[in-house]
Structure formats: C-alpha cells, structure tokens
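One structure is given below, encoded as structure tokens.
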Amino acid sequence: MSTHRATLLELDQSFFDALVANDHDRLKELLADDFVLVGVEDGTVAGKDLLLGLVASGSLSFPRIDSFPDEAIVRFVGDVGIVVGRTGMNFTNPDGGTFSAGSRYTHVYAAGADGGWRLVSAQGTAIKM
C-alpha cells in the first residue's frame with residue numbers, strides 16, 4: 001500500500017504542476033475521460049474538456065499552487081484511491097478576476113486496466129489560511 005500511496009501523491013503533485021505550467025498534454029494524460037472538477041471558489045462543476053480548454057487558452061491560470069503532501073490522508077477502496085490534502089493557491093479566472101485561497105481538497109483516483117491511475121474527481125473547499 002505504501003507504494004500506491006506514494007504513486008497517488010506523485011500524481012497529485014503532477015496535477016498541480018501541470019496546472020501551474022498550463023500543460024494541456026500532461027493534464028489530458030492524468031485525467032479520466034469522465035473527470036469532474038468542483039471549483040474551490042464557487043462550486044462550479046467542470047468536466048475534462050472544459051478544464052482542458054480553459055487551460056489551453058490561458059483563460060484559467062494558476063500562477064502558484066503550494067501543496068502539503070506530508071499532511072495528506074490517502075485511502076484505498078478496491079481500485080479507487082482517495083487523497084484528502086491541503087493547498088495554498090493563486091489563480092486567475094476566465095473573467096480575469098484573481099483568487100487566492102487555502103483549500104482542503106479531495107481527489108479520487110481510479111486504477112485502470114493498464115495498472116495506471118487516472119484522476120476521476122476533484123473538489124476543493126476554501127479554508128482560512
């Protein structure tokens with residue numbers, strides 16, 4: 001299990017790094033086709049295609065995301081891995097507004113037939129920093 005824990009924490013960091021780098025291709029690899037994101041700022045729900053489009057266009061950007069993997073809680077239920085963690089982030093919305101928040105997040109990963117993990121769901125809740 002510790003190997004799977006390390007793998008999910010690495011994938012989490014890759015997800016954050018890809019958002020900061022606006023790395024459309026890496027995000028496309030990490031996210032399941034039916035990926036759903038619930039936004040930390042306002043609870044907006046976005047699928048994979050919408051998120052990838054916003055990132056590719058630069059209209060949604062993340063200048064900085066700090067994560068705290070040592071604090072993460074990682075659990076497994078069958079072929080599903082769940083990470084509850086904490087971030088500090090800054091981002092720019094499609095309307096040009098900026099937002100900074102500390103967040104507690106839940107990421108849900110599913111193991112694929114190929115043995116790889118894909119992020120299927122992400123939800124953030126703003127917390128006081």
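All of the numbers you see were taken from the coordinates with simple rules; none came from a lab. Worth saying up front: this structure is predicted, and the values here are computed from it rather than measured. Note: ideal-geometry Cβ built from the backbone for every residue, glycine included; neighbour counts use all protein chains shown.
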(request) Compute the separation of the alpha-carbon centres of region 51-72 and region 83-129 and state it in Å as a whole number. (result) 8 Å
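For a footprinting-style exposure proxy, rank 107, 4 by other Cβ within 10 Å, fewest first. Before the final figure, lay out the partial values.
Details: 107 22, 4 14.
Arranged by neighbour count, lowest to highest, 107, 4 become 4, 107.
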(request) Name the long-range amide H neighbours of residue 36: under 5 Å, sequence gap of 5 or more, or other chain; modelled H, no Pro or chain starts. (result) 121, 122
(request) Calculate the tail of P(r) for region 34-100: the fraction of all Cα-Cα distances greater than 18 Å, expressed in %. (result) 50 percent
(message) Give me the extension gain from residue 114 to residue 84: residue separation times 0.36 nm, minus the current Cα-Cα distance, reported in nm with one decimal.
(response) 8.3 nm
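Only Lys, Arg, Asp and Glu count, each charged at its Cβ (+1, +1, -1, -1), so figure out the dipole size of the chain about its Cα centre, rounded to 20 debye.
Values: 10 positive and 17 negative charges, 67 e Å.
That gives a dipole near 320 debye.
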(message) Using only DSSP helix segments of four residues or longer, with each worth -39500 (n - 2.57), what per-residue ellipticity at 222 nm results for the chain after dividing by its residue count and rounding to 500?
(response) -9000 deg cm²/dmol
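Once you have the Cα-Cα distance between residue 38 and residue 10, take 0.36 nm times their residue separation minus that, and quote the gain in nm to one decimal. Mind dumping the intermediate values first?
On the way: separation 28, 0.36 × 28 = 10.08 nm, distance 2.12 nm.
Additional length available on full extension: 8.0 nm.
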(message) Please report the net charge: other residues with Cβ closer than 13 Å to the Cβ of residue 94, K and R +1, D and E -1.
(response) -3
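Could you tell me what fraction of 2.2 N^0.38 Å the Cα radius of gyration of region 26-71 comes to, as a two-decimal ratio? List each step's numbers first, then the result.
On the way: Rg = 11.8 Å, N = 46, 2.2 N^0.38 = 9.4 Å.
Relative to the rule-of-thumb radius for its length, region 26-71 sits at 1.26.
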(request) With no solvent and one equal point scatterer placed on each C-alpha of the chain, evaluate the Debye formula and give log10 I(q)/I(0) for q = 0.12, 0.21 Å⁻¹, two decimals. (result) -0.41, -1.34
(request) Report the label-to-label distance for residue 25 and residue 104 in nanometres (one decimal), using points 7 Å from each Cα along the Cα→Cβ vector. (result) 3.8 nm
